[in-house]
Amino acid sequence: MFAVKGARALTGRSAFAKFEGAYHGSYDWVEVSLAPDPDAWDDQSGNPASIGGSESVPKHVLDDTIVLPWNDPSRCAAILAKEGSRLAGLIIDPVPSRAGMVPVSREMIDVIHTAREKHGFLIISDEVISFRLSYAGAHPLFGLRPDLITLGKIIGGGMPIGAVAGGAHAMAVFDHTQGKARVALGGTFSANPLAMAAGLAAMTALDEPTIARLNQLGSDLRAAINLAFIERRIPAQVTGSGSLFRLHLTSKPITDYRSCRAPAPKTLQAVHAGALDYGVLLTPNCSGAISTPMDSASIDQLTAALTQAVADAFTRQPWEKWPGAGSGQGG
Ligand SMILES: Cc1ncc(COP(=O)(O)O)c(C=O)c1O
């Protein structure tokens with residue numbers, strides 16, 4: 001929310017661009033097209049429609065929120081050419097969890113940078129989840145050069161926290177030391193001493209070798225589970241990057257929000273519940289993260305547990321058609 005407000009104050013504009021399916025919190029201007037239904041996907045020109053993420057989102061916010069398709073550089077370039085001059089900012093999570101956990105492509109980054117140069121909006125990298133991908137955050141891994149970054153979760157070491165970071169020019173908008181700040185930043189949860197102490201401990205533990213180790217474990221996990229699915233002819237797959245992973249109950253390619261939209265929601269719920277029975281806590285959309293106490297033995301356990309949870313769920317949910325049926329695997 002504060003990054004969006006900062007971008008508005010710095011540009012004097014109100015509109016914002018975000019990607020279909022990506023989640024950036026409960027602020028109206030980004031609570032748009034989080035999980036639209038297929039019959040509402042496209043607007044009249046065939047671009048992603050702006051759909052309120054909840055019934056509370058005002059109509060004028062939808063007019064001011066431009067929704068972009070993930071990793072579709074030519075369509076994004078066309079939309080940004082039309083809308084770029086009224087944008088205050090564009091918010092992007094380089095590995096959006098709810099939109100499939102498929103990393104951003106180099107071509108998309110080029111389109112975004114070129115549009116910023118032409119139209120003067122700010123790029124915000126939402127790294128509330130993806131910050132853990134490298135010691136310097138997610139954006140350098142993908143060549144993204146943001147003006148502002150949003151952070152949360154891991155930087156609080158398990159305590160509630162949120163932060164905005166950026167270069168001196170952009171961050172000056174929040175500066176209250178020279179008089180009234182252009183954008184006031186604060187709230188009930190700001191500068192909570194317990195969260196600061198827990199965050200400092202977590203950030204100290206997450207040094208470069210530790211992040212490299214977690215990323216390797218994540219890569220091992222994705223390879224092992226994908227191999228197990230193929231060997232057992234289970235129509236499912238894992239996406240992700242670094243120490244992040246997400247299960248999908250289909251063997252069709254996952255490229256964006258539309259292709260990752262749960263084809264079998266009841267089966268996915270059963271996987272979530274079944275994984276708990278095997279001692280694994282996933283998010284409700286069956287994504288997860290590797291953490292510091294884990295080692296290669298944990299990856300073996302996790303692989304066995306998740307593969308079995310998916311196999312069990314398919315067996316127990318005969319009323320839902322196997323999503324990979326007809327694709328040559330399982331069914
Ligand atoms: C990627 C991402 N961005 C933003 C947020 C929102 O953070 P907050 O609830 O602190 O606004 C979340 C919360 O889950 C998130 O996962």
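Couple of notes before you dig in:
- Among all positions in the stretch 185-204, there is no residue which is of a type outside the set (A, V, I, L, M, F, W, C) and in contact (Cβ under 8 Å) with a residue 60 or more places away in the chain.
- The one condition in (1) under 16 Å from the mean Cα position of the chain (by Cα); (2) assigned to a loop (DSSP other than H, G, I, E, B); (3) at pLDDT 95 or above that Val280 fails to fulfil: (1)
- Verdict on Ser251 being at pLDDT below 95, among the small types (Gly, Ala, Ser) and touching a strand residue (DSSP E or B) at 6+ places or on another chain (Cβ under 7 Å): yes
- Boolean, Ser14 is more than 16 Å from the ligand (Cβ to nearest atom), closer than 28 Å to Ile161 by Cα, more than 17 Å from the chain's Cα centre (by Cα) and among the polar types (S, T, N, Q): yes
- Candidates in the stretch 124-141 are the residues that are outside any loop (DSSP other than H, G, I, E, B) and away from the ligand (no atom under 15 Å from the Cβ); of these, the one that is surrounded by the fewest Cβ atoms within 10 Å (Cβ to Cβ) is Pro140.
- Residue in the stretch 84-105 that is at pLDDT 95 or above, away from the ligand (no atom under 15 Å from the Cβ), crowded, with 17+ Cβ neighbours inside 10 Å and charged (D, E, K, R) present: no
- Among the residues listed as Asp42, Asp93, Asp63, the single one being touching a helix residue (DSSP H, G or I) at 6+ places or on another chain (Cβ under 7 Å) and acidic (Asp, Glu): Asp93
- Scanning the stretch 62-81 finds no residues that are within 15 Å of the ligand (Cβ to nearest atom) and surrounded by fewer than 22 Cβ atoms within 10 Å (Cβ to Cβ).
- With a requirement of 1 or more residues that are buried (at least 20 other Cβ atoms within 10 Å of the Cβ), touching a helix residue (DSSP H, G or I) at 6+ places or on another chain (Cβ under 8 Å) and not charged (D, E, K, R), the helices (runs of 4 or more DSSP H) lying completely within the stretch 187-271 that satisfy it span 193-205, 208-231.
- Subset of the stretch 9-66 (residues that are small (Gly, Ala, Ser) and under 22 Å from Ala81 (Cβ atoms)): Gly12, Ser14, Ala15, Ala17, Ala22, Ser33, Ser45, Gly46, Ala49, Ser50
The values are calculated or read from the model by the stated rules, or taken from the named source; none is laboratory data. Note that the coordinates shown come from a computational prediction; the quantities given were computed from them, not determined experimentally. Backbone-built Cβ (ideal geometry, glycine too); neighbour counts: all protein chains shown.
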